[in-house]
1. Residues of the range 4-58 being of a type outside the set (A, V, I, L, M, F, W, C) and in a strand (DSSP E or B), which ones?
2. Hey, Ile78 hits all of (1) away from the ligand (no atom under 16 Å from the Cβ); (2) in a loop (DSSP other than H, G, I, E, B); (3) in contact with a Phe, Trp or Tyr (Cβ under 9 Å, 6 or more places away or on another chain) but one; which does it fall short on?
3. Would you confirm, using the coordinates I've provided, whether Gly61 is part of a loop (DSSP other than H, G, I, E, B) and not hydroxyl-bearing (Ser, Thr, Tyr)?
4. In the list Ser133, Ser94, which residue meets the criterion of being assigned to a helix (DSSP H, G or I), without any contact (Cβ under 8 Å) to a residue 24 or more places away in the chain and within 24 Å of Ile223 (Cβ to Cβ)?
5. In the range 232-259, how many are open to solvent by less than 40 Å² (accessible area, probe 1.4 Å), more than 13 Å from the ligand (Cβ to nearest atom) and not polar (S, T, N, Q)?
6. Using beta carbons and a limit of 6 Å, which pairs, at least six apart or on different chains, have the first residue in the range 286-305 and under 16 Å from Val356 (Cβ atoms) and the second one open to solvent by 50 Å² or more (accessible area, probe 1.4 Å) and not polar (S, T, N, Q)?
7. Is it the case that Asn42 is under 23 Å from Arg399 (Cα atoms), open to solvent by 10 Å² or more (accessible area, probe 1.4 Å) and of a type outside the set (Lys, Arg)?
8. For the range 4-21, which residues satisfy the criterion of being open to solvent by 20 Å² or more (accessible area, probe 1.4 Å) and under 22 Å from the mean Cα position of the chain (by Cα)?
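The values are calculated or read from the model by the stated rules, or taken from the named source; none is laboratory data. What you see is a predicted model; the values in this text were computed from it and never measured. Cβ sites come from the backbone with ideal geometry, for glycine too, and all protein chains shown count toward neighbours. Each accessible area value is taken on the protein alone, full model and side chains, heavy atoms only, with ligands, DNA and RNA left out. Shrake-Rupley method; radii C 1.70, N 1.55, O 1.52, S 1.80 Å.
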Amino acid sequence: MSKFVIQGQTPLKGQIKVNGAKNSALKIIPASLLSEETVTINNLPAIEDIKLSLEIIKAVGGVVNRQDHQCSISTKNIQTTSIPPELANKFRASIMFVGPILARTGEVSFPHPGGCVIGAGVRPIDLFLEGFSALGATIHIANNYYHLTAKKLKGTEYFFTTVSVTGTEALMMTATLAEGRTTLKNCAMEPEIVALANYLNTQGAKISGAGTPTITIEGVDYIKGGNFTVIPDRIETGTFAILAAASQTELLITNCHPDHIAILLNIFHKIGVRFEQGENWLKMLPSPKIKAYNIKTHEYPGFPTDLQSPYTVLMTQAQGLSIIHETIYDRRLLFTDMLTQMGANIIMCDPHRVVVNGPTPLHSRKLTSPDLRAGIAMVIAALIAEGTTEIDNIYQIERGYEALAERLQAIGVNIHRID
Ligand code: EPZ
């Protein structure tokens with residue numbers, strides 16, 4: 001397994017460019033299957049999950065031309081409606097292909113999707129199955145494979161009993177080709193959902209309400225191909241901002257949307273983290289004394305669960321007690337035992353709540369990255385810790401952050417990748 005070796009406490013300074021949002025790109029790629037025409041995607045992050053997603057397009061018969069951070073996808077002839085298990089098992093977003101294939105061909109087969117183990121065991125897809133059946137699909141389950149068929153999808157009304165980002169995106173994009181009106185209630189409101197809806201509308205879909213809890217989709221017969229530019233990754237933006245705050249670094253973060261992390265910036269104001277912002281840049285300023293502040297993760301525009309792990313590291317350097325309440329996932333606080341081993345003073349009240357008592361100096365350890373976001377949190381902990389820290393299983397980190405070691409070296413982090 002590859003690992004990172006990080007020498008902590010080196011002076012950092014400079015600027016870092018934010019890449020296209022992983023969780024936007026992982027939806028537009030499957031959505032390209034809604035059209036027979038070519039879809040060109042710009043500002044695509046060069047990470048493992050994107051590669052896997054494009055592999056699925058090729059596996060079902062699509063043609064992919066990729067140059068650096070751009071790709072064009074043509075899915076005129078879909079040759080198979082079965083999603084290969086060896087690809088589907090590697091990442092949860094493989095579920096996003098189910099709806100478009102079903103809408104285009106009337107059938108689809110797939111295994112239970114894989115991905116990081118932050119939910120309770122295998123991540124549930126009950127909302128997807130309920131939604132597809134509400135749209136008229138027949139569901140047949142045989143030896144851990146799902147087979148969905150639908151002559152023609154019909155508009156429906158569906159209420160999400162749990163707010164689900166990918167659930168909202170899956171049903172929204174699929175309903176664009178259903179007959180009649182679909183109303184989705186209790187939807188997620190992430191910026192990536194709005195970006196997807198705006199794109200589909202420019203290609204002939206009729207979606208209204210994206211970004212609010214109720215989304216209405218008037219079915220159409222045809223979705224044109226077109227050009228999609230992936231929005232900046234708000235989780236990368238927030239992660240690098242927290243990295244700068246934790247290491248008291250002056251850091252210019254470019255090619256980002258500060259308004260997509262408004263909640264974090266509001267908390268920065270409250271806890272004494274200084275910064276300046278423009279429309280597409282954020283300049284973090286060294287802030288020696290920061291105050292502890294409680295957070296409770298929540299769907300957008302609340303505090304993003306994907307920033308919880310980096311924020312928890314920041315709280316180990318803040319003055320006082322802070323409660324971190326992770327409401328979305330059952331296992332996303334388990335990484336804190338590694339922070340405790342590094343010297344943090346953290347008490348786990350229950351699987352969803354920890355109390356952090358700061359500030360405490362951190363010292364180096366040998367760590368293993370359990371998931372994408374805990375992994376980047378360990379990188380932040382390592383670069384503020386005294387000594388040399390090793391983090392292995394960095395596949396889990398690199399699947400979400402392109403060229404991370406190189407980008408951190410460019411701002412002065414003493415980080416090396418060892419294969
Ligand atoms: C998306 O995951 C993101 N992934 C996650 O980012 C992010 O943490 C999450 O939204 C919450 O913001 C992608 O967009 C690819 P959910 P998603 O469905 O959609 C339950 C990262 O690090 N649920 O909003 O899979 C589920 O168990 C990843 O980039 C059901 O019960 O999350 C969870 O408790 C991690 N049944 C809650 O909903 C379902 O059918 C929210 O999950 C679906 C979900």
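1. Gln7, Lys13, Gly14, Gln15, Lys17, Gly20, Ser35, Thr38, Thr40, Asn42
2. Every listed condition holds for Ile78 apart from (3).
3. Yes, satisfied.
4. Checking each option against the conditions leaves just Ser133.
5. Residues in the range 232-259 being open to solvent by less than 40 Å² (accessible area, probe 1.4 Å), more than 13 Å from the ligand (Cβ to nearest atom) and not polar (S, T, N, Q): 12 in total.
6. Matching pairs, first to second residue: Ala292/Leu321; Tyr293/Lys270; Asn294/Ile323; Thr297/Ile328; Phe303/Ile263.
7. Yes; evaluated as a whole, the condition is true for this residue.
8. Lys17, the sole residue that qualifies.
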